Amino acid sequence: VKGTWAALALALSLAGAPSHAESVRVKLTTLNFPLTISGNGISIRGIRNSDIQSVAIPKTSELKIETHKVVGKNLWLVHKGETLNRLSQKYLEITSSDDQIKISGYKVSTPVLITNHGDIIASMPLNTYLEGVLAGEMPTNWPIEALKSQAVAARSYTLYQINQRKNNIFQLEGSILDQVYANTENSDQRTIIRQALAETDGIVLMDHGRVMKAYYHSDCGGKTEDPEKVWGGTKTKGLPTVVTDAHCAFNPGSKWTFDISLDEMRKKIESPFKDVRIVTKTASGRAALIAFNEADDKNVLISGNELRKILGYNKLKSTLFSVSIQDDTVTFTGRGFGHGSGLCQWGARYMAQKGASVREILKHYYPNANITEVSHVADL
Ligand SMILES: [Zn+2]
């Protein structure tokens, strides 16, 4: 995999040239400077498109990296013991002799790229990435057909994003902003994940001849949601709208309440509101628009999705809620977890337990998708 970033730099310098679709650039995390890099045989170089500069220091086991702005331009300060090296390129690429380093305690496989925002970006083969997504997105003790449907959804979503962001420095966020990426070292888990990927190898969801942005989520709460209602934009032809789902009702954690003090809620939304009500709901019953009433005719209007972002996606678990104020507490009472679009993981789990195949599960949650086997994902 060595030299990946040089290839990327070349690809980026050729305007409009397609990137190699079978490797994925993933933002794993963002860390604060200074960064302490430790590992064996660390090499470092600056990269800016076709301009590559290696640091002329012997291979080392520890480095400290800072950034410094000089007349608006970013400068890297790379400390090795008493020695200081300066680099002016946009990114730093780090490799190591045993392909593993720690960056400020964060363990990562090399090569890895660092941006001046502290973004840690790894380039890896598509399947390596999908292994991490399966580890991050679904428990490996769930039925294999559920894991396989998760694998197809994740593969489709990934290929869609790779194409959309082919000229970006990273194509996927390793978090709920795209897909949660986890690096499992448990060999039993790895075996199951690899089985789910191998048994669905090359299978993607297509929509009108294009790979589909196959959304998925934890628990829809009984009805899935139209992606357009979550992310806006124009309606994509062929995408499923709302699917009734009886399967996830068996999730023991489906029902939730979230309490927040009136004071804290007022601070969060920057409004001295006295009352709250849901103004409009989507077809699946989710809160589309919430009005926080300050006075007779003065309301602060916030969308359900925006409210999840403000309060935290893990606290306001979905937009399928009702809301009330009692004394000094605002109480949200809801069902489900996640945005609700596409595959419902808890529903898929139950369908698989009842004997449904990966195809039946995918057909249920993506009724308009064509389940297609492709030999070269790079051709999509
Ligand atoms: Zn569901």
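The values are calculated or read from the model by the stated rules, or taken from the named source; none is laboratory data. If you're wondering where the values come from, they're calculated on a predicted model, not measured in any experiment. Glycine also receives a Cβ, built like all others from the backbone with ideal geometry; neighbour counts cover every protein chain displayed.
Of all strands (runs of 3 or more DSSP E) completely enclosed by the range 111-212, which ones contain at least 1 residues that are charged (D, E, K, R) and on the phi < 0 side of the Ramachandran plot? Lay out the reasoning, then the answer.
Values: elements: 112-114, 119-125, 203-207.
Result: 119-125, 203-207.
Would you check if Asn305 is under 30 Å from His208 (Cα atoms), away from the ligand (no atom under 14 Å from the Cβ) and within 19 Å of the chain's Cα centre (by Cα)? When the stated conditions are applied, Asn305 passes them. The set of residues in the range 158-172 being surrounded by fewer than 18 Cβ atoms within 10 Å (Cβ to Cβ), in contact with a Lys or Arg (Cβ under 9 Å, 6 or more places away or on another chain) and not aliphatic (A, V, I, L, M) consists of Asn163, Gln164, Arg165, Asn168. If I ask for residues that are at pLDDT 95 or above and over 21 Å from the mean Cα position of the chain (by Cα), which ones from the range 168-199 would you list? If the condition is that a residue be at pLDDT 95 or above and over 21 Å from the mean Cα position of the chain (by Cα), then Thr191, Ile192, Gln195, Ala198, Glu199 are the ones that fit.
For Ser19, indicate whether it is surrounded by fewer than 15 Cβ atoms within 10 Å (Cβ to Cβ), modelled with pLDDT under 90 and not acidic (Asp, Glu). Can you show your working first?
Numbers: surrounded by fewer than 15 Cβ atoms within 10 Å (Cβ to Cβ): no; modelled with pLDDT under 90: yes; not acidic (Asp, Glu): yes.
It is false that Ser19 is surrounded by fewer than 15 Cβ atoms within 10 Å (Cβ to Cβ), modelled with pLDDT under 90 and not acidic (Asp, Glu).
Can you pull out the residues in the range 242-281 that are within 27 Å of Asp219 (Cα to Cα), of a type in the set (S, T, N, Q) and away from the ligand (no atom under 16 Å from the Cβ)? Thr257, Ser261, Thr280 - these are the residues of the range 242-281 that are within 27 Å of Asp219 (Cα to Cα), of a type in the set (S, T, N, Q) and away from the ligand (no atom under 16 Å from the Cβ). Would a scan of the range 259-272 turn up a residue that is in contact (Cβ under 8 Å) with a residue 60 or more places away in the chain, under 30 Å from His208 (Cβ atoms) and out of contact with any Pro (no Cβ under 9 Å at 6 or more places or on another chain)? Checked against the condition, which is being in contact (Cβ under 8 Å) with a residue 60 or more places away in the chain, under 30 Å from His208 (Cβ atoms) and out of contact with any Pro (no Cβ under 9 Å at 6 or more places or on another chain), the range 259-272 yields no hits at all.
Remark: pairs (first residue in the range 338-352, more than 25 Å from Glu306 (Cβ to Cβ); second residue more than 10 Å from the ligand (Cβ to nearest atom) and of a type in the set (A, V, I, L, M); Cβ separation under 6 Å; 6+ apart in sequence or on different chains) = Ala348/Ala146; Ala348/Ile361; Arg349/Ala146; Met351/Ile361; Ala352/Ala146. The residues of the range 138-150 that are within 29 Å of Lys102 (Cα to Cα) and in contact with a helix residue (DSSP H, G or I) (Cβ under 6 Å, 6 or more places away or on another chain), listed by number, are Met138, Thr140.
Taken over the range 327-380, the criterion of being within 16 Å of the ligand (Cβ to nearest atom), under 21 Å from the mean Cα position of the chain (by Cα) and either farther than 16 Å from Glu137 by Cβ or assigned to a loop (DSSP other than H, G, I, E, B) (or both) is satisfied by Gly336, Gly338, His339, Gly340, Gly342, Tyr366.
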